[in-house]
1. If we sort 76-82, 151-157 on the protection proxy, mean other Cβ atoms within 10 Å, highest first, what's the order?
2. Tally Lys/Arg at +1 and Asp/Glu at -1 over every other residue whose Cβ is under 11 Å from the Cβ of Gly253; what's the total?
3. Which whole-Hz ³J(HN,Hα) couplings does the range 151-164 yield from phi under the Karplus relation 6.51 cos²θ - 1.76 cosθ + 1.60, θ = phi - 60°, glycine and proline marked x?
4. Suppose every K and R has +1 on its Cβ and every D and E has -1 on its Cβ; what is the size of the dipole of the range 116-249 about the Cα centre, in Debye to the nearest 20?
5. Explain nothing, just the number: dipole magnitude of the chain about its Cα centre with +1 on each Lys and Arg Cβ and -1 on each Asp and Glu Cβ, in debye rounded to the nearest 20.
6. Cα to Cα, under 29 Å, and not fewer than 8 places away if on the same chain: which lysines meet these conditions relative to Lys160?
7. What accessible area per residue, rounded to a whole number of Å², is obtained for the chain using a probe radius of 1.4 Å?
8. Between rounded, prolate and oblate, where does the range 1-150 land on the alpha carbon gyration tensor, with a ≥ b ≥ c its root eigenvalues, rounded for a/c under 1.5, else prolate if a/b exceeds b/c?
Amino acid sequence: MLDSHQPKQTQRVALVVQYLGTNFHGWQRQKQHRTVQEEIETAIAKILGHHVTLHGAGRTDSGVHAAAQVAHFDATGLIPPHKWASVLNSYLPKDILIKASAAVGDRWHARFSAAYRRYRYTIYTEDRPNLFVTPFSWHYYYAPLDESLMQAALKPLMGKHHLAAFHRAGSKRSHSWVEVQAVECHRSGPFIHIEIQADGFLYGMVRLLVGMLVQVGSGQRTLANFTELWKEQRREEVKHAAPSQGLCLLRVGYPDFPFTPDVWYDTMPKLVIGQESLVKSH
């Protein structure tokens, strides 16, 4: 704990945060549940001797991972901003890692200064389960998936749209407008990787969207029907969300960001299984 008699200086500190979401009830602080925000705020309070509020770029759901979540807080004391990462890591549990820390201006905000967020969802399509990919993917083996159909379904989402069909109940957001900036769906062996980038995301949006994409990829729903569904805001037809463990907040982008790309740009390795493991034995 810092000496209370030391002169206090206030500095806004930005953090790049990784976490394994498996044992968290999401990012946002909640009563009687373990959350990422609470763990980091508790660590900061132990160091400073008083509570501070940590502001995140996004509120990931229970079980969702983050490769480069971004957050900020206002610190008092003599710890240099770039040292906060190593100091915090000595106080945090093993399923949270501060990749880096840096000073930012007083008007910089992890949430409101962000230009985009990007998520990746991973589906594992082999018949047999694999313990080593289970925490980071949805094991979907019920029917073959055509990733080209799923990519075709994603393309019309580009641009600004009212996506109430993919908006879970319980959100405090007053509207469902989202500007989708990039979409991608491709296969790597038994894995299908889906990436979506937007200015912001609705509560539960990606998991509901992926649940419907799988219906397209498996032939249960046509491309035309999928597009009509969200354009006509037929929320009552969107009944199944993809499991949380396949989703990861990949990165958050800013016009003015104090971190180098190696810290935040693409820090979650894509799951890949070597070709030799895909050969079927007879």
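1. 151-157, 76-82
2. Taking every Cβ under 11 Å from that of Gly253, the sum is +1.
3. Values, residue by residue: 5, 5, 5, 6, 4, x, 6, 4, x, 9, 9, 8, 10, 4 Hz.
4. Charge dipole of the range 116-249: 440 debye, to the nearest 20.
5. 500 debye
6. The qualifying lysines are Lys172, Lys231, Lys239, Lys270.
7. 50 Å²
8. Prolate.
The values are calculated or read from the model by the stated rules, or taken from the named source; none is laboratory data. Only a predicted model underlies this, so the values are computations on that prediction, with no experimental measurement involved. For neighbour counting, all protein chains shown are included, and Cβ atoms are generated from backbone atoms with ideal geometry for every residue, glycine included. Calculation scope for accessible area: heavy atoms of the full protein, side chains included, ligands and nucleic acids excluded. Shrake-Rupley method; radii C 1.70, N 1.55, O 1.52, S 1.80 Å.
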